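Asker: Got a structure for you, questions after.
Throughout, read-outs are computed from the coordinates displayed, never taken from laboratory work. Keep in mind that this is a model prediction, so the values were computed, not measured. Cβ placement follows ideal geometry from the backbone for every residue including glycine, while neighbour counts extend to all protein chains displayed.
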Amino acid sequence: MRKFLPPLIPFVVITLALEWMVRSGLVPSYLVPAPSAVLRALLDNREELAAAMTKTSAAALIGFALSTLAGVAIAVLLSSSRAIQRALYPYAVFFQTVPIIAIAPLLVIWFGYGMKTVVASAFIVSIFPVIANTLTGLLSTDPALRDLFRLYGASPAITLVKLRFPAALPQILTGLRVASGLAVIGAIVGEFIGGEGLGSVVDIARTQQRVDKVFAAVLLASALGLALFGLINLISALTLRRWHASEQLQ
Amino acid sequence: MINTSGTKTTRGVALRLERVRRVFDNKFVVIEGMDLRIDAGEFLAVLGPSGCGKSTLLRMIARLAAPDDGRIIAEPEQFQTAFVFQDAHLLPWRTVLNNAALPLELMGIGREDRNAKARTALAQVGLAEAEDRYPAQLSGGMRMRVSLARALVTDPRLLLMDEPFAALDEITRFNLEVQLRELWQRRGMTVIFVTHSISEAAFLANRAVVLARRKGRIKLDRRLDLPPERTNDLRSDPRLGYEMKLLMGAMEEE
Ligand SMILES: Nc1ncnc2c1ncn2[C@@H]1O[C@H](COP(=O)(O)OP(=O)(O)OP(=O)(O)O)[C@@H](O)[C@H]1O
Ligand SMILES: [Mg+2]
């Protein structure tokens, strides 16, 4: 509880302040809805929003899972030789710089309108941090420990499984933390252009000037991002609690 | 064969370095023309200023790097080497037992067998009680003991140590030195011990080599005239003081 209290205080203060500013007419309600109006929009549209939330969550989770698998696999490949790394890393950077909003219409052409496009969008924006962090982790293995493994005749595959991969785990999890937030953003952008979910709810509500509903959907999207982030932190705490200083539970 | 310490069988490796040379980046000569014979079962301390090539020498002897010229001949040819670094370098995700058993695991030895051997090695360094703990839960001295157990678990015939106790407080270091000396007397392996500490070199070794700042030139090679039993009492013995004075003299001259 002590952990949740500090971030809760600014939330309550801002919510109350916003409510007061809108009610007193300081901020027009067609620009920023009163928190009470957002809550009403959440309740009034609960079925539509719940269905949208389910779709967005599924797409973001699948995109994130694919990024994790493919990102780690690509990083392992890149770390296997300097030559491969030189040849392929620039293409991995492509994923970081790709303007997803410009690519999304292409995705609709390739994958059609629906879930596949949304998943692809979530995947594309979230894979780079997984590749970059995993690669850094795999390349920064303690040289003394590499010597030790060599001394006892360990093969490269055994060294990867028993040394380099576990040693890189804290960095891999850092990559996954960043990727989890990006996967939600990628899914929303995908839904804006070619799918159904919170993204399309935002898009439609916007054209209808329903700022309260836009805010309700945005709130749910943030909640989704937070939940994913929390999940990674939980996995992190469970796997690293015994050995990584920053994860030591007091 | 009976070696200097009186152990019955000599299990150690004999080494012969002939005109060994090591160059970095094609121009930076760290070791040049080094000749050195190390008898089986010897406890050799290597002293020298920082950057003179002590670690480089150990890595070559461990066959982790090859000399650029000259050769290192070992008798017997095939043997198990163990390496202990300045810091413990344990795997933080493994328990003490699994850290100590790691070398055997990498050599493909079954769980039962390797755990039994790891327990024996841990008992020898006084860590029998800690086998289920993780490195983060140990003190620096305990971690170094695990590292030592990990080196001993394969029953190596050559033990290479690169400033293993430099990061420890003096009392812990004194006790580990006594333990190491006992282990060596019991097992009769060859030990090459790199250190910056003149008192440590004199206390532990049967023979000490002092390297010059440049090109790994051997400035002093001395058989220490000290009793085989090394207990903490020896630390105030004038004979130890005499050996330290000789080593210090060699370290200081240029
Ligand atoms: N991989 C390397 N590439 C280039 N130079 C190196 C490399 N390894 C060591 N050197 C250089 O070789 C010299 C000897 O290094 P080495 O580590 O053997 O010294 P050392 O005697 O062990 O020193 P210390 O007592 O500080 O540990 C140093 O000048 C170092 O900079
Ligand atoms: Mg060194």
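Asker: Using each residue's phi in the stretch B:180-197, evaluate 6.51 cos²θ - 1.76 cosθ + 1.60 at θ = phi - 60° and report the 3J(HN,Hα) Karplus result to the nearest Hz, with x for Gly and Pro.
Answerer: Working through the residues one at a time gives 4, 4, 4, 4, 5, 5, 6, 9, x, 7, 7, 10, 10, 10, 8, 8, 9, 9 Hz.
Asker: While we're looking at this one, here's another question. Can you tell me the orientation of helix B:140-152 relative to chain B, as the angle in degrees between its alpha-carbon axis and the longest Cα principal axis, to the nearest 10?
Answerer: 90
Asker: Using R₀ = 56 Å, calculate the FRET efficiency as 1/(1 + (r/R₀)^6) where r is the Cβ-Cβ separation of A:A157 and B:D225; round to 0.05.
Answerer: 0.65
Asker: Given Cβ point charges of +1 (Lys, Arg) and -1 (Asp, Glu) and nothing else, what value in debye, to the nearest 20, does the dipole of the protein assembly as shown about its Cα centre take? Mind showing how you got there, number by number?
Answerer: Details: 57 positive and 45 negative charges, 94 e Å.
I would put it at about 460 debye.
Asker: Normalised radius of gyration for the stretch B:84-194, please: alpha carbon Rg relative to 2.2 N^0.38 Å, two decimal places.
Answerer: 0.98
Asker: Beyond 38 Å, what share of the Cα-Cα pairs of the protein assembly as shown is found? Please give it as a whole percent.
Answerer: 47
Asker: While we're here: May I ask you to evaluate 6.51 cos²θ - 1.76 cosθ + 1.60, the Karplus curve with θ = phi - 60°, for each residue of the stretch B:207-213 and list the ³J(HN,Hα) values in order in whole Hz, giving x for glycine and proline?
Answerer: Ordered by residue, 3J(HN,Hα) equals 8, 10, 10, 10, 9, 7, 4 Hz.
Asker: Can you spot the lysines whose alpha carbon is less than 24 Å from B:K117's alpha carbon? Ignore those fewer than 8 places along the same chain.
Answerer: Counting by Cα, and skipping residues close in sequence, B:K117 has these lysines nearby: A:K162, B:K8.
Asker: Here's a follow-up. Between A:D203 and A:L31, take the C-beta separation as r, use R0 = 25 Å, and let me know the FRET efficiency to the nearest 0.05.
Answerer: Result of the calculation: an efficiency of 0.85.
Asker: Then there's this: Within chain A, which whole H helices from DSSP have a Cα span along their axis of at least 24 Å and a mean Kyte-Doolittle hydropathy of 0.0 or more, if any?
Answerer: Working: long enough: A:5-23 (27 Å, 1.52); A:46-80 (50 Å, 1.18); A:115-139 (36 Å, 1.66); A:165-194 (40 Å, 1.41); A:211-240 (43 Å, 1.94).
Span-like helices in chain A: A:5-23, A:46-80, A:115-139, A:165-194, A:211-240.
Asker: When each pair of different Cα atoms in the stretch A:137-250 is counted once in the 1/r mean, what is the Kirkwood radius in angstroms, to one decimal? Don't skip to the end; give the middle numbers.
Answerer: On the way: mean 1/r = 0.0583 Å⁻¹.
After inverting the mean inverse Cα-Cα distance, the result is 17.1 Å.
Asker: Given contacts defined as C-alpha pairs under 8 Å and at least six residues apart, what's the relative contact order of chain B, whole-number percent?
Answerer: After rounding, I find 27 percent.
Asker: At a threshold of 8 angstrom on Cα-Cα distance, excluding pairs fewer than six apart, so keeping six or more, what relative contact order does the stretch B:78-169 reach in percent?
Answerer: 51
Asker: Right, here's the next one. Through the Karplus equation 6.51 cos²θ - 1.76 cosθ + 1.60, θ set to phi - 60°, convert the phi angles of the stretch B:108-118 into ³J(HN,Hα) values in whole Hz; use x for Gly and Pro.
Answerer: Karplus values, whole Hz, x for Gly and Pro: x, 8, x, 4, 3, 4, 6, 5, 4, 5, 5.
Asker: How do A:L226, B:L180 rank when sorted from fewest to most other Cβ atoms within 10 Å of their own Cβ?
Answerer: Fewest-to-most ranking of A:L226, B:L180: A:L226, B:L180.
Asker: Now a separate question. Considering every pair of different Cα atoms, what Kirkwood radius, in Å, is found for the stretch B:93-155?
Answerer: Its Kirkwood hydrodynamic radius stands at 11.1 Å.
Asker: Over chain A, what is the relative contact order in percent, taking alpha-carbon pairs closer than 8 angstrom and at least six residues apart?
Answerer: Reported relative contact order: 25 percent.
Asker: Something else: Taking a cut-off of 26 Å between Cα atoms, list the lysines near A:K55, but don't count ones fewer than 8 places away on the same chain.
Answerer: Cα-Cα hits under 26 Å: A:K116, A:K213.
Asker: Please rank B:E77, B:E131, A:E191, fewest neighbouring Cβ atoms within 10 Å first, as an exposure proxy.
Answerer: B:E77, B:E131, A:E191
Asker: Can I ask one more? Can you tell me the orientation of helix B:238-252 relative to chain B, as the angle in degrees between its alpha-carbon axis and the longest Cα principal axis, to the nearest 10?
Answerer: Around 60 degrees separate the two axes.
Asker: Ok, one more. Straight-line reach from B:K54: which lysines have Cα under 19 Å away, leaving out those fewer than 8 places along the same chain?
Answerer: Excluding near neighbours in sequence, the set is B:K27, B:K215, B:K219.
Asker: Right, something else. Note the per residue figure in Å³ for the convex hull of the C-alpha positions in chain A.
Answerer: Roughly 153 Å³ of hull volume per residue.
Asker: Per residue of A:143-156, how many C-beta atoms from partner chains lie within 10 Å of its own C-beta, taken as a mean?
Answerer: 6
Asker: Using the eigenvalues of the Cα gyration tensor, what equivalent ellipsoid semi-axes result for chain B when each is taken as the square root of five times the eigenvalue, whole Å, largest first?
Answerer: Those come to 29, 22, 18 Å.
Asker: Determine the calculated [θ] at 222 nm for chain B from helices alone, applying -39500 (n - 2.57) to every DSSP H run no shorter than 4 residues and normalising by the residue count; nearest 500 deg cm²/dmol.
Answerer: That calculation yields -10000 deg cm²/dmol at 222 nm.
Asker: Continuing with this model, one more query. In nm, give the distance between the simple-model label positions of A:V76 and B:D155, each being 7 Å from the Cα along the Cα-to-Cβ direction.
Answerer: 3.7
Asker: Out of residues 5 or more away from B:D69 or on other chains, whose amide H comes under 5 Å of its own, with H placed 1.01 Å from N in the peptide plane?
Answerer: B:R21
Asker: Can I ask one more? Could you list B:F193, B:F24 in order of exposure, starting from the residue whose Cβ has the fewest other Cβ atoms within 10 Å?
Answerer: Listing B:F193, B:F24 from fewest to most nearby Cβ atoms yields B:F24, B:F193.
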